[in-house]
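Here's the structure we're looking at; comments come further down.
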Protein chains: 2
Amino acid sequence: MIFDAIDKKLLEYLQQDSKQTNKELSNKLNLSVTAVYERIKKLEKEGFVNKYVALVNKDQVDKSFVAFCHIKLIQHTQDYVVKFEKEVTNLNEVLECYHISGDYDYLLKVLVKDMVAFREFMVKKLTSINHIGSTHSMFVINEVKHTTAINF
Amino acid sequence: MIFDAIDKKLLEYLQQDSKQTNKELSNKLNLSVTAVYERIKKLEKEGFVNKYVALVNKDQVDKSFVAFCHIKLIQHTQDYVVKFEKEVTNLNEVLECYHISGDYDYLLKVLVKDMVAFREFMVKKLTSINHIGSTHSMFVINEVKHTTAINF
DNA sequence: ACTGAAATGTCAAGGCC
DNA sequence: GGCCTTGACATTTCAGT
């Protein structure tokens, strides 16, 4: 299918602010409202846009503590891996979980209220998952950059 | 100000899908359309909602390679830190950058097309920033979980 | 891809617990 | 203070060209 420079621009705009009206977008792109509408529908249908979401200010909802946890499993049998991934996915505090190369198997991004809550999380939730070998945590001192917008 | 159970639910819904109409939300929350509207405006005004965005499927736009880079600076003078953070923020490939505790100073999330592009990025862009001491990269094998929605 | 028109949504005003 | 109803206005959505 076609994915031209205009679609690119359109995705850029929608990644910055998805609440813009098609009219505003049509001005920026020098198109008619309907043309914009149809392009957006096409992009949604073809799977370019996964979803539209509101980004919430974590500090406002009392979740100011961010940590990254490296995790190594004891074993790497299919069983263990599937189970671990499932259990970790179900943890509300875990916003992201990546299977990665290197010394550790997984990298988790954890969001909680404070250090006390983090300790709670580690002791009661994370390490209560079986087959975890070792963990190594890093605390976020400052969020220098954080965007959901892909540049292309 | 008040931030009750309904606001909570509302934020949850908006984090899942910000394109829902107020009517749909009003049904889910057993409120009138206007009540929903006013609560949303209040949440926006009070800074609970940072922005509304479209989340783009990275694979569809040929950005399938994700890496996390640890970075250690040579020195930590105000000067070096400020400059590094600024330069890193300007790199399109860097979606996230955190100042963290531990052996390394920073953790970066980098998004590019493939391993070749990643090498390009490291050699030509990242390590051309001065005062970088050492780096350590981890490649994402699989994205097990990735959400922007905060649970509270 | 555009015009135009119907359907649907947003948002302000005034009144009621 | 928050909720509701009403109505004006804007936007989305779709048919026809």
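The values are calculated or read from the model by the stated rules, or taken from the named source; none is laboratory data. Not measured: the values here are computed from a predicted model. Positions of Cβ are generated from backbone atoms using ideal geometry, with glycine treated the same way; all protein chains shown enter the neighbour counts. These area figures cover heavy atoms from the full protein model, side chains too; ligands, DNA and RNA do not enter into them. Shrake-Rupley method; radii C 1.70, N 1.55, O 1.52, S 1.80 Å.
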Worksheet item: In debye to the nearest 20, how big a dipole does chain A give about its Cα centre with +1 on each Lys and Arg Cβ and -1 on each Asp and Glu Cβ?
Response: 300
Response to the item:
Charge dipole of the protein assembly as shown built from unit charges on the beta carbon (Lys, Arg +1; Asp, Glu -1), centred at mean Cα; most positive-end Cα among B:94, B:33, A:55 is B:33
Item to complete: Using only the Cα atoms of the protein assembly as shown, build the gyration tensor, take square roots of its eigenvalues as a ≥ b ≥ c, and label the shape rounded, prolate or oblate: rounded if a/c is under 1.5, else prolate if a/b is larger than b/c, else oblate.
Response: oblate
Worksheet item: Using Cα atoms only, what is the angle between the long axis of helix A:5-16 and the major principal axis of chain A, expressed in degrees (0 to 90) to the nearest 10?
Response: 50
Worksheet item: Given labels modelled 7 Å from the Cα in the Cβ direction, how far is it in nm from residue B:152 to residue A:149?
Response: 2.5
Discussion item. Out of the total accessible area of the stretch A:5-45 (probe 1.4 Å, heavy atoms of protein only), what percent is carbon and sulfur?
Written reply: 50
Fill in: Cα convex hull volume per residue for chain A (Å³)
159
Discussion item. On a full-extension model of 0.36 nm per residue, what is the gain between residue A:103 and residue A:116, subtracting their alpha-carbon distance, rounded to one decimal in nm?
Written reply: 1.9 nm
Worksheet entry | Gap separating the Cα centres of the stretch A:102-152 and the stretch B:51-65, nearest whole Å | 23
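State to the nearest 20 debye the size of the charge dipole of the protein assembly as shown about its Cα centre, where the only charges are +1 on K and R beta carbons and -1 on D and E beta carbons. If you can, show how the numbers build up before the last one.
Numbers: 42 positive and 40 negative charges, 123 e Å.
Computed about the Cα centre, the dipole is about 580 debye.
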Worksheet entry | Sites residue B:21 and residue A:64 - FRET efficiency at Förster radius 45 Å, r taken between beta-carbons, to 0.05 | 0.90
Worksheet item: Given H placed 1.01 Å from N in the peptide plane, which residues other than close sequence neighbours of residue B:105 have an amide H under 5 Å from its amide H?
Response: B:71, B:72, B:73
Practice prompt. Return the long-range amide H neighbours of residue A:18 (sequence gap of 5 or more, or a different chain), with a cut-off of under 5 Å between placed amide H atoms.
Written response: B:52, B:53, B:54
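Tell me the per residue accessible area of the stretch A:5-45 using a 1.4 Å probe; a whole number in Å² is fine. Don't jump to the answer; show the numbers that get you there.
On the way: 2390 Å² over 41 residues.
In whole numbers, the stretch A:5-45 has 58 Å² accessible per residue.
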Worksheet item: If Lys and Arg each add +1 and Asp and Glu each add -1, what is the summed charge of the other residues whose beta carbon sits under 15 Å from the beta carbon of residue A:70?
Response: -1
Worksheet item: Hey, got the average number of other protein chain Cβ atoms within 10 angstrom for residues in A:56-63?
Response: 6
Practice prompt. State the percentage of accessible surface on the stretch A:65-139 attributable to carbon and sulfur atoms; use a 1.4 Å probe and exclude ligands, DNA and RNA.
Written response: 51
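Any idea of the total accessible area buried by the B-A contact, 1.4 Å probe, rounded to 100 Å²? Working shown, then result.
Values: alone 10720 and 10720 Å², together 15650 Å².
Chains B and A together bury roughly 5800 Å² of accessible area.
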Item to complete: Mind listing the label-point distances from residue A:129 to the same position on all other copies, shortest first, one decimal in nm, points 7 Å along Cα→Cβ?
Response: 3.0
Worksheet item: Quick one: helix A:78-89 against the long Cα principal axis of chain A, what's the angle to the nearest 10°, folded into 0 to 90?
Response: 70
Worksheet item: If you average over every viewing direction, what projected area does the convex hull of the Cα atoms of the stretch A:65-139 give, in nm²?
Response: 4.4
Discussion item. Give the average, rounded to an integer, of partner chain Cβ atoms located within 10 angstrom of each Cβ in A:136-142.
Written reply: 5
Fill in: For A:44-52, mean number of other protein chain Cβ atoms within 10 Å
5
Item to complete: Specify the angular offset, from 0 to 90 degrees and rounded to the nearest 10, of the alpha carbon long axis of helix B:33-45 from the longest principal axis of the alpha carbons in chain B.
Response: 30
Worksheet item: Between residue A:141 and residue B:35, what FRET efficiency follows from the Cβ-Cβ distance if R0 is 45 Å, with the result rounded to 0.05?
Response: 0.65
